[in-house]
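Each value in this text was obtained by applying a stated rule to the coordinates, not by laboratory testing. Remember, predicted model here, so these are calculated numbers, not experimental data. No Cβ is skipped: glycine too gets one built from the backbone with ideal geometry, and neighbour counts run over all protein chains shown.
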Amino acid sequence: MNIKWDADKYTKDFSFVHQYGNDVAELINCEKGGTLIDLGCGSGALTKVLQEKGFRVTGMDSSEELLETARRKYPGIPFIWADAADFSVEEAVDVIFSNAVFHWIDKEKQANMLACVHRALKGKGQFVFEFGGHGNNARIHGVLAEVFSEHGYEYRMPFYFPTIGEYASMVEQEGLLVRYAALFDRPTELKGEDGLKEWIRMFVKTPFAKVDNAERDEIINQTVERLKKSLYREGRWYADYVRIRMKAVNE
Ligand code: BEZ
């Protein structure tokens, strides 16, 4: 999926994306000095944290806007343009890490991506990742689909949110061994009174491709209004995130 990111807004208003990534990094079990690729590094905040943990890191992303921010903020780290579903490395690494990225990759491209990961890992290398799992943002997408339909449009789900069974099978099909897997709810606060509106505007882009700006705003306002009773509590918005988290090894 090719999205043009507003790198400043993403970095400033959606910092929870990388902050939550710290927990995922706890699954890495590798000596200091090990080599690590942060696949889908975005603006590099988590890549920096991984470097501070002692890894020799490289950030890879397919957004020039986000890479530019990453290079400006963290000039000591190599940040490389790469398509996660079609990349290769000169030297295999100890760890491939990824946070909040794989749901952006079409289901049809996941096997290619896993093959690239496998080829880029050393023997005994670790693949540690988290992204949106089955049921992620189900209320938000459910109401968006309802409102789209009332406006005469079909809502095509722009993300891939698999179950553990489906994804672990794909990872093992590729020849990696799954050592840990979890699927869990993680209600996520969206800052500010317009938190949900801003979230939809930032992340749900492709379904609106054929909708003009005025109607887009109307659809978003109607969606937000309807979600108030389930996602707005004590003056705060909470998105209904569900995470799939895994660790697999290249035996
Ligand atoms: C997620 O991190 O689960 C996510 C974020 C934005 C859009 C879709 C999923």
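Among the residues in the stretch 181-192, are any over 17 Å from residue 240 (Cα atoms) and away from the ligand (no atom under 11 Å from the Cβ)?
Yes, that holds for at least one residue.
Taking into account only those residues within the stretch 81-109 that are within 19 Å of residue 34 (Cα to Cα) and within 16 Å of the ligand (Cβ to nearest atom), which is surrounded by the fewest Cβ atoms within 10 Å (Cβ to Cβ)?
Out of the qualifying residues, it is 98.
Being of a type in the set (Phe, Trp, Tyr) and under 14 Å from the mean Cα position of the chain (by Cα) is the filter here, so list the residues in the stretch 85-104 that pass it. Before the answer, list the steps.
Taking the stretch 85-104 as the starting set, the residues that turn out to be of a type in the set (Phe, Trp, Tyr) are 87, 97, 102, 104.
Answer for the stretch 85-104, where residues must be of a type in the set (Phe, Trp, Tyr) and under 14 Å from the mean Cα position of the chain (by Cα): 97, 102, 104.
crowded, with 20+ Cβ neighbours inside 10 Å, under 17 Å from the mean Cα position of the chain (by Cα) and over 27 Å from residue 176 (Cβ atoms) - does that describe any residue in the stretch 46-65?
Looking for residues that are crowded, with 20+ Cβ neighbours inside 10 Å, under 17 Å from the mean Cα position of the chain (by Cα) and over 27 Å from residue 176 (Cβ atoms), one finds none in the stretch 46-65, hence no.
Taking the stretch 193-208 as the region of interest, how many residues are more than 16 Å from the ligand (Cβ to nearest atom) and either touching a Ser or Thr at 6+ places or on another chain (Cβ under 7 Å) or closer than 13 Å to residue 155 by Cβ (or both)?
0
In the stretch 226-240, which residues are out of contact with any Gly (no Cβ under 7 Å at 6 or more places or on another chain) and within 16 Å of the ligand (Cβ to nearest atom)?
We begin by selecting, within the stretch 226-240, every residue out of contact with any Gly (no Cβ under 7 Å at 6 or more places or on another chain); these are 226-236, 238-240.
Selection gives 227, 231, 238, 239, 240.
Given the structure, is residue 223 within 14 Å of the ligand (Cβ to nearest atom) and hydroxyl-bearing (Ser, Thr, Tyr)?
no
Filter the stretch 79-129 down to residues that are out of contact with any strand residue (DSSP E or B) (no Cβ under 8 Å at 6 or more places or on another chain), more than 19 Å from residue 24 (Cβ to Cβ) and without any contact (Cβ under 8 Å) to a residue 40 or more places away in the chain, then give me how many there are.
Result for the stretch 79-129: 10.
Taking residue 117 as the residue in question, decide whether it is away from the ligand (no atom under 15 Å from the Cβ) and closer than 17 Å to residue 22 by Cα. Give the derivation first.
Values: away from the ligand (no atom under 15 Å from the Cβ): yes; closer than 17 Å to residue 22 by Cα: no.
No, not satisfied.
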